[in-house]
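J.: The structure under discussion is supplied below as structure tokens; questions concerning it will follow.
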Amino acid sequence: MRLRGELALVTGSTAGIGKAIAIEFAAQGARVVVHGRDATRGAAVVEQIAAVGGDATLVVADLATEAACERLVADAAGRLGGLTVLVNNAVAGVVDGGDSAVADMSTPAWEETLRVNVTAPMLLCRGAIPHLRAAGHGSIINISSRQGEKPSAGLAAYATSKGGLNALTRAIAVEEAPHGIRCNTISPGYVRNERRDTDMTDERRARLEQMHLTRLGEAGDVAFAAVYLASTESEFLTGINLELDGGGSNARAAVLG
């Protein structure tokens, strides 16, 4: 029970990486607020956690506005009786058909991506920090991407937003260290998705495996890293960007999957 007594809000936790983090946090003893926009999927995650004796509750919220972000933090802290861990995992789906190179970028796609991927995490951190300070300790974990450091062509908005999130991590780490609050980033490589990769072809699998020195990543790999960063085991660690990509960042340039 490495997270016994911790009070955690995990955004975007109704599927994928966020879901894996919420489930593993609960398994390690944390009380967890599951967050997302789909009430049905969120309720299923809460039920899965409860079935194995974990403690979780669901808050449905869109992170589109400042007020919505503030309400989410206030609601989560109210249900848990405080906050000691915030995981910013929710990510934007860009508008107008997707991301692009800067030369072809639409203003709505750019603004939507930065609003959800950078501004919303800042607002959530701003709301959570007073609760973490009141607790006397805390951990903020931002889920980024290696695109933030090694961008692929055609993902200018996403890469920029993740680079900004990495910088936000470093700023908070410096500012909140006197209050016992740590802030770190996890930048996963390609992580298999339960919906996107159901019918993966052999050709695509081979291409993705070439991006790694070990194997394709799983959501659970990110969850295990998040548990470490949320726990007292990592008290000496703040302001880092953990490139969790099977060694790919060490040996190969980033490749768009």
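The values are calculated or read from the model by the stated rules, or taken from the named source; none is laboratory data. Predicted, not measured: the structure shown is a model, and the values here were computed from it. A quick note on method: Cβ atoms are made from the backbone with ideal geometry, for glycine too, and the neighbour counts reach across all protein chains shown.
J.: In this structure, does Lys150 turn out to be in a helix (DSSP H, G or I) and either surrounded by 16 or more Cβ atoms within 10 Å (Cβ to Cβ) or out of contact with any Cys (no Cβ under 6 Å at 6 or more places or on another chain) (or both)?
T.: For Lys150, the condition - in a helix (DSSP H, G or I) and either surrounded by 16 or more Cβ atoms within 10 Å (Cβ to Cβ) or out of contact with any Cys (no Cβ under 6 Å at 6 or more places or on another chain) (or both) - is not met.
J.: Does segment 126-135 contain at least one residue that is free of Cβ contacts under 8 Å to residues at least 40 places away in the same chain, of a type outside the set (Phe, Trp, Tyr) and closer than 22 Å to Ala226 by Cβ?
T.: Yes: segment 126-135 contains one or more residues that are free of Cβ contacts under 8 Å to residues at least 40 places away in the same chain, of a type outside the set (Phe, Trp, Tyr) and closer than 22 Å to Ala226 by Cβ.
J.: I need the full set of residues from segment 120-147 which are within 18 Å of Ala92 (Cβ to Cβ) and either of a type in the set (Ser, Thr, Tyr) or outside any helix (DSSP H, G or I) (or both), in order please.
T.: Within segment 120-147, Asn142, Ile143, Ser144, Ser145 meet the criteria.
J.: May I pose another question? Look through segment 172-210, keep the residues that are aliphatic (A, V, I, L, M), modelled with pLDDT of 70 or more and not in a helix (DSSP H, G or I), and return whichever of them is farthest from Gly12 (Cα to Cα).
T.: Of everything passing the filter in segment 172-210, Ile181 is farthest from Gly12 (Cα to Cα).
J.: Next up: Considering segment 218-247 alone, what residues qualify as being in contact with a helix residue (DSSP H, G or I) (Cβ under 6 Å, 6 or more places away or on another chain) and under 12 Å from Ser139 (Cα atoms)?
T.: Result: Ala226, Val227, Tyr228, Ser234, Thr238, Gly239.
J.: Just one of the numbered conditions (1) without any contact (Cβ under 8 Å) to a residue 60 or more places away in the chain; (2) within 18 Å of Cys125 (Cβ to Cβ) is not true of Gly18; which one?
T.: (1)
J.: Of the residues Leu80, Leu114, Leu86, which is in contact with a Lys or Arg (Cβ under 6 Å, 6 or more places away or on another chain) and either under 20 Å from Thr14 (Cα atoms) or of a type outside the set (Lys, Arg) (or both)?
T.: Just a single option satisfies the conditions, and that option is Leu80.
J.: Which of the residues belonging to segment 48-96 are buried (at least 23 other Cβ atoms within 10 Å of the Cβ) and not hydrophobic (A, V, I, L, M, F, W, C)?
T.: Thr84, Asn88, Asn89 - these are the residues of segment 48-96 that are buried (at least 23 other Cβ atoms within 10 Å of the Cβ) and not hydrophobic (A, V, I, L, M, F, W, C).
J.: If we scan segment 153-168, do we find a residue that is under 25 Å from Leu9 (Cβ atoms), modelled with pLDDT under 95 and crowded, with 16+ Cβ neighbours inside 10 Å?
T.: Scanning segment 153-168 turns up at least one residue that is under 25 Å from Leu9 (Cβ atoms), modelled with pLDDT under 95 and crowded, with 16+ Cβ neighbours inside 10 Å.
J.: Another question, if that's okay. Of all the residues that make up segment 33-55, how many are under 23 Å from Leu123 (Cβ atoms) and among the small types (Gly, Ala, Ser)?
T.: Number of matching residues: 3.
J.: Is at least one residue of segment 116-130 more than 23 Å from Ile186 (Cβ to Cβ), out of contact with any Ser or Thr (no Cβ under 6 Å at 6 or more places or on another chain) and of a type outside the set (A, V, I, L, M)?
T.: Checked against the condition, which is being more than 23 Å from Ile186 (Cβ to Cβ), out of contact with any Ser or Thr (no Cβ under 6 Å at 6 or more places or on another chain) and of a type outside the set (A, V, I, L, M), segment 116-130 yields at least one hit.
J.: Also, I was wondering about something else. Sort out which residues of segment 211-257 are exposed (fewer than 15 other Cβ atoms within 10 Å of the Cβ), at pLDDT below 75 and among the hydroxyl-bearing types (Ser, Thr, Tyr), and write them in order of number.
T.: Thr214
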